[in-house]
Every structure is written in C-alpha cells, then in structure tokens.
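For reference, the structure is listed below as structure tokens.
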Amino acid sequence: MSSHNVLEGRGLKKSFGPTVALAGVDLTIHRGEAVAIMGPSGSGKSTLLHCLAGIMKPDSGEVHLLGQRVDTLGERGRSVLRRTRFGFVFQFGQLLPELPADENVALPLMLGDHSRARAVREARSWFGPLGLAGMEGRRPGELSGGQAQRVAIARALVTRPAVVFADEPTGALDQATGHDTMRLLVEATKHNDASLVVVTHDPHVAGWCDRVVEVRDGLMLTGRPHAASPSPHTASAHAVSPHAVSPHAEAGGR
Amino acid sequence: MRNLMALTWRLLRGGGRRGLLGSSLTVAAVAVSTTLLIFAVAVNFAFAGRAGREAWRSPVPAGGTARAIEAVQADLVRGRLVTVVHVAVLVPGIAPPPGLTRLPGPGEVAMSPALAAIANLPELVGRFPRTVAGTVGDAGLIHPGELVAVVGHAPADPVMSGRGTAGHRPGAPATRVAGFEGATTPDAGAYSALAAVASVFMVVPLLVFGGAAARLTVARRDRRLASLRLVGATPGQVVVMTVAEAVITAFGGAVLGLVLYAAASPPLTRVEIAGGPWFVADLWPGVLPLAAVLLAVPLLVGVSAVAGLRRIVVSPLGVAKRETPPAMRFVRVTGLLVALALVPTLGFGARVGVVVAVLGLAFLSLNLVGPWVVALVGRVTVRAARGPASLLAGRRLVDDPRSAWRTVSGVALTGFVAGFVGLLAPSSSLSAQDDVVASWLLRDIRTGTLIVLVVSFLVAIVSAGITAASSVLDRRQTYALLRLAGTPLEVLDRARRLETLVPLTVMGGGSILTGAICATPFAKVGVSSTGAITLLVCVVAGFAGVVGAGALSRPLLRSVATDPAPRPD
C-alpha cells in the first residue's frame, strides 16, 4: 500500500436484513484528495461513508487508515478514531444549540486533552480564515445556515484530521450559499492536507471534487476523474487555515 | 374545525415510536399529577367528613326548648380511647344522632362494632347497661375502629346533671340540647386546617409539574408546528391543534390517574390519623370534586400549552431561531424577600388562613426565584468549567433555566417543606400523657409531614425522570450526530447528570434554609433530633431518587444516539 493512500476500503459488504446496501466495494482515498460519492437514494452511498468512517462495521471487507486496519477496532476505539483522525460535516443539526460558536468548535479539542482556554483559543483562530470573524460568541440559532455550516467545517478541521467526511453538507442551503460552503470546505481541507469524502446527489457539489465515484445498488460504477480540469477551485486557494504561514508542515507533522 | 381535529388526531397517532414515547411520557406525568392532586383534594374532604360525623358529640346548648340532655365522657382502655355519650330524652320524638336508628332508652346501650367486639374485656364488664339496643353505625363514627357507646338515661340520673364527667379532651359536660346536629369540635377544626396546609404543600409542586408535562408536548411539536405555520396555518389553527392534542393526551392521563388513585387508596385507608384508620369512602371525595379534577387537569394542561406556544404563534420562524435568552432579572428575588419579611410578623397566634396565605406566597415566590437562581448557578458553572461535561451542563442551565428549574423544583420546594417541618416536628417526649388527643395531634403532624414529603418526592422524582427523558428526545439529532463525530456518550451523560445535580445541590440546600427560617417563629418546641434525621433521610432519598430517575433515561440516550443515520423528523 502506497503512503500516498490515506484511506482504503477493500471488498466492503454490508446488508441490513434482506437488503444489500454494499455488495463489495473497493475505494481508495489519496492524500489531499477530494472525492465525491454520488448515487440515488438507497444506492448505498451513505452506508459506504459510514463504513469508511468507522461509524458502522462492514459485514466483510477491510478498512485501512494510513496502512493500519481500523474496521476491527471496538466501539470505543472507533469513537476515538472518529474524534481524532476524522472530521465530520453533516447536513445540519450538528451544533449544540446552547454552546456559542467558538465553544462548539472547541468541543472536540476539549474532549481530547486540551485545556479549555487553549481549546477555545485554537478554535477562535479558525473563525477569521473561514469568514466568521465576530461570530465567536453567537449561538447556532443566531447564525445563518451557511455560517452554521462554516462553524461545522471549523469543528471538523480543528483536530487536524486525516479525512473529513461530509454527508450532504449543502443539503439545507440555497445554491449560492451551497457553492460558497463547498468552496470553503474543499479549500480548507486541502490547505490542511486532509482528504475529503463528500456524499451527495447534487452534481454541483460533486463538481468541486477531484474525483467522482458513483454507487448504484451497492456496487461502484466508476472511478472517473472529474470531467473538468483537475481542480480549478483549489488553484485559487488562499490560506484557509489559522496558521497561514506553514499549515502543511504542521499538518504533516501529525 | 372538524378537519383540524382529524388532522390533530392523525398527527397524534402517526407520531411514530418516538412520538408515541413522548406522548406516553406526557400521559405518565399527567397521570401521576392527577393521582396526587385527587389525593390532595380528598384529604380535605376526608377530614371534613370526619368532622361532620363527629359533630353530634359536641353538644350545642339549646337556644329554645331543650329536647334532650347530652354528656360526653372519654377514657382510655388498654391505650385505646373509649367515648361514652350519655343521653336522656326530655321531649320524645327527637331525631337520633347519625349512625343510630333510635336512641337507647334508660338502661339501654348502643355500641360501635369495634366496642361490641371487646365489650367482654374485664375492664369494660359492668361499665355499660346489659341491654344492647342497637349499633352506632359508620355515619356516627370517626373511623372504623372507633370505640363509641351511647348510654340511655333518665333525665334525673346524676350523670345527666353535669357531675361525673371526666376531664378528657373529647369530653363535654351535660348540656341541654335541641337536637343532635352538634358543632365541629376544635380538634376536628385543627385537623382540617392542617390538612389545608398540607394540600398547599402538595399542590404547588404539582402545578409546576403539570406545567412541565404540558410543555413536554409543546416542545416535541415545536418544529412540526412551526412548519405548519410556515405552510400557512393561521395562528388560531395552530393553537387549536396543539391545545387539542395536549388536552386529549392530558385527559387520557387524568383518567389513568384516577385508576392509579383507586389502586393506591386501599393502603392509604390504613394510615392512622387521630387514633384510627379511614373508611374507604373517606378517600373518595364524591363525584363532583372528582369530575372537577378530571376536567381541571386537561384544562390546566391546555392553558399551559397555550403559554408554551406563544413563541410559535408570534412568528413562524420564532422556533427555528434560537436566541440568547434575556437574562433573568433580580426583581424576581424581591418577591421572596417580601414574603420572608412577612413571616416573622406572624408569630404563634396567627390565624390558619393567614398562615396558609403567607406560606403560599413564600412558595410562589420561591417558584419565581427558582429560574433566576438556576441561571446564576449556570453562569458560575460555565465560568468554572474546565472539562466539556461541566461546560455543557452550565451552558444548558443558562440556556433554559426554567426547564432545569422544573426538574429540580419538586425537590427544591420539598426542601422548603422539609426545612419547615424539620424544626417543627415534635419530639415524642412532649406528648402529654394525660391528654391523649393532644398527643395524637403531635404524632399526626409528623405522620402528615411524612406523607407530604413522600408525595413531594414522588413528584420530584417522576418529574426529574420525565424531564430527563424528554430532553434526550428533544436533542436526539444533535446527540446522535455528536456520537457519530466520536463524542463519548459518557460525556453527554455526565453533562446531563451535572445539569441536574448542580442546581439540585445549590437550590435544595437553599430552600431547606428558607424553610427553616420560615419555621423559626413557629418552632417553640425546639429542634427535635427525630425531625433532623427525617430531614436528612429525605434529602438523601431525594437526591438518590432524582439522580436515579435521570439515569433511567440512559438507555434512551443510548438508543437515540446509536441511530446510525439520524434524520430530522
């Protein structure tokens, strides 16, 4: 396995009773790559994300993160894995309504070993680069949908994960806001040397990714590179990281 | 209107398993409230019933023509009180007292069943005439085991001229009466007043709890109702639908509560007050009061639901947009201070009505101050928080102090009761040997106190359990997503526990102190160790119960958080 590969799923199968959700899927995510998983409802794309992210155990097959097998870990081990090596952005409802935005972002750090002061300081440093300056003390109910998703992106990245999983991250947003959110998500993950896996049924969202894989009836159809230029959007990437000076060195040092 | 009702019914039934769970929580909450409310009402009727059945033994001097002479004598046989009523008829045809079909003539006696059963004891042989002329029925007895004899005399007998009556409390000297209607005895009056005070103590936490039950329904429906509002339902339609749903649920709960009460009443009749247990009928206040409770409960729940709905009705977006709540103002505290300032002016001789009013005032002020203090406690917790659990708990307290207050209010108010009676509870050494009724009264205050405490703790514990479960249901999506993102459930669990324990510790202690201050002017008998121990046991049991009830929702948290693909519903 090449060190270029960050996450690798091999022969993933998963059934729910008589329903086959995954019928043997192989998928490799490379370092710094943004991959869109597309497919109609019920095709198994969400199950694929759940198996790759350690949310579910596949019935058979293997999942490797940076060369280490992770699907055999117990519930607790997978929890720690999700908290430390992965980041998550969901459609909505992932922010705790009673916490201000900065504390929502700081939460994963506080769950680790960070002191509260350090976690909040670190969390706040993400607000400026993500266009959220001044929103630190606002609570999720006082943010717009797009702002809330950017807070969610900050929370996904604050632990400097290897892979960010996004499940319909723009599903609750209008098109323009969805575009902005996707651009920030892709740029921010790339800038932090993380890979991105997006589950979506929206071709516009998929258009932001380097590669699109399609899932149909539990099987992968294609692994084609994106039709357009490899990644037009990342070319314009400005520093979407609190440590603009040398984010790569820091992220790579994990 | 009919369409609206049909839609409400469909929404209620089609809520799915979690919707059903939420509805059952409301039903359970309302059922327990109703059971306890019926009990609180029944207590008053029960004592009034006793007072009425006892009245004929409190002779009222005739204003006009006297038609009979009545004297009442009481003494102890093997530690049990025997009441002997001596009667002599002056004008034939006078109606007999309740429980008797006819008055015993000279040389005859009528006995209560319990007395007839022990009439052969050596102490009693020869005390009464041999000719038994009838039975003193239930209508003339305070309690089923009461020992009562009615002895007939000629008007000229010495006992009928006022001599020879013993000095025991229930006694009355020979009195020329026009009839046997009598009057409420002072003891019966005292018991009725104490029952009224006990009812206040039980009803106030019940109202808080009932309000929580109603808001439970509304909280679950918030999102759905806001969507209905967004698609164009008028405020009126939304109100009708929510209130209809709350009232339907509450009525089901109220009926279940009646059934629960029926199941609980047989053991309750065995509680001994004033020397004896109760007739089964004593605990059934009659059709009208029961119907009133069964109607009032759904009505109150409906009103509470409307209050909870204001936000939605004002703006369709009001619910979706959660804003930082305005800080609770200090004004709330001044109400409590005013009530506390009034208490010392009462003194020992204050009338029962005034005492009840001031206690009620102090209680309601505590209820106003509660959320303010919870918010304060929350801010301190947030400032001091180091780990994620305490930070979450503190933010939750600041975010919705009223909800946290509803969880702890039962124990906080019970703490007030416990502080109040903890000092008042009379020590047994004070019971007067020569005055059996006075010693009963002292013992009964303790029994009554225990019952009120048990009721309050039941409310507190059930309310804590239900509030914890509903808060899990309300946040199920966020909890599930947090778990997906790797948040350990223990952190969420610890946060939930702290969220109850922190205000409970602060406010439980605070209200016990408040209760103790309120009791000071009344506590002439001094602090009793029994009272202090009772207090301690109750505090410990209350904490354990509330924490345990909160822990019961842990499986629920686990089940909602392990939903692999949470979707908003």
* Asked: How far is it, in nm, from the label point at B:Ala551 to the one at B:Asn3 when both lie 7 Å from their Cα along the line to the Cβ?
  -> 5.2 nm
* Pairwise label distance in nanometres, A:Glu142 with B:Ala544, each label 7 Å out on the Cα-Cβ vector -> 4.4 nm
* Cβ-Cβ FRET estimate between A:Ala176 and B:Leu299, R0 fixed at 51 Å, reported to 0.05 -> 0.55
* Contact order normalised by residue count of segment B:59-182, Cα under 8 Å, 6+ apart, percent -> 42 percent
* Asked: What is the average number of partner chain Cβ atoms found within 10 Å of a Cβ in B:111-123?
  -> 0
* Asked: Taking 0.36 nm per intervening residue step and subtracting the Cα-Cα distance, what contour gain separates A:Leu221 from A:Ser60 on full extension?
  -> 56.0 nm
* Structure fact -> With the 8 Å Cα cutoff and a minimum separation of six or more residues, segment A:61-124 has a relative contact order in percent of 19 percent
* So what J values fall out for segment B:53-63 if you push phi through Karplus, 6.51 cos²θ - 1.76 cosθ + 1.60 with θ = phi - 60°, rounded to Hz, Gly and Pro as x? -> 6, 8, 4, 4, 8, 10, x, 10, x, 5, x
* Asked: How much length is gained if the chain between B:Ala95 and B:Glu181 is pulled fully straight, taking 0.36 nm per residue apart and subtracting their Cα-Cα distance, in nm to one decimal?
  -> 30.0 nm
* Work out the mean other chain Cβ neighbour count within 10 Å for the residues of A:85-97 and drop it here as an integer. => 5
* Asked: Taking segment B:363-396, which trypsin sites (Lys or Arg not before Pro) meet the DSSP loop condition and have no more than 11 other C-beta atoms within 10 Å?
  -> B:Arg386
* To do: Report the calculated FRET efficiency for B:Ala119 and B:Arg386 (r = Cβ-Cβ distance, R0 = 56 Å), to the nearest 0.05.
  => 0.15
* **Within segment B:59-182, percent of DSSP bridges classed antiparallel, to nearest 5** => 60 percent
* For chain A, share of DSSP beta bridges that run antiparallel, in % to the nearest 5 -> 50 percent
* Asked: What distance in nm separates the simple spin-label points at B:Val259 and B:Arg379, each placed 7 Å from Cα in the Cβ direction?
  -> 4.8 nm
* Tell me what chain A gives for mean residue ellipticity at 222 nm when only DSSP H runs of n ≥ 4 count, each as -39,500 (n - 2.57), the sum divided by the residue total, rounded to 500 deg cm²/dmol. => -9000 deg cm²/dmol
* What are the aspartates and glutamates whose alpha-carbon lies under 17 Å from the alpha-carbon of A:Lys57, with same-chain residues fewer than 8 places away excluded? -> A:Glu8, A:Asp26, A:Asp71, A:Glu75, B:Asp563
* Structure fact -> Here the gain from full extension of B:Leu337 to B:Thr520, 0.36 nm per residue of separation minus their alpha-carbon distance, amounts to 64.3 nm
* Once amide H atoms are built 1.01 Å from N in the peptide plane, which residues 5 or more positions from A:Val215, or in another chain, come under 5 Å H to H? -> A:Met38, A:Gly39, A:Leu221
* To do: Set the Förster radius R0 to 51 Å, insert the Cβ-Cβ distance between B:Thr234 and A:Arg76 as r into 1/(1 + (r/R0)^6), and round the FRET efficiency to 0.05.
  => 0.50
* Place a label point 7 angstrom from the Cα of B:Ala281 along the Cα-to-Cβ direction, then list the residues of segment B:40-61 whose backbone nitrogen is under 18 Å away. => B:42-57
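Read-outs: derived from the displayed coordinates by stated rules, not from any lab. Values in this document were obtained by computation on a predicted structure and should not be read as measured data. Don't worry about glycine lacking a Cβ; one is built from the backbone with ideal geometry, like all the others, and counts go over all protein chains shown.
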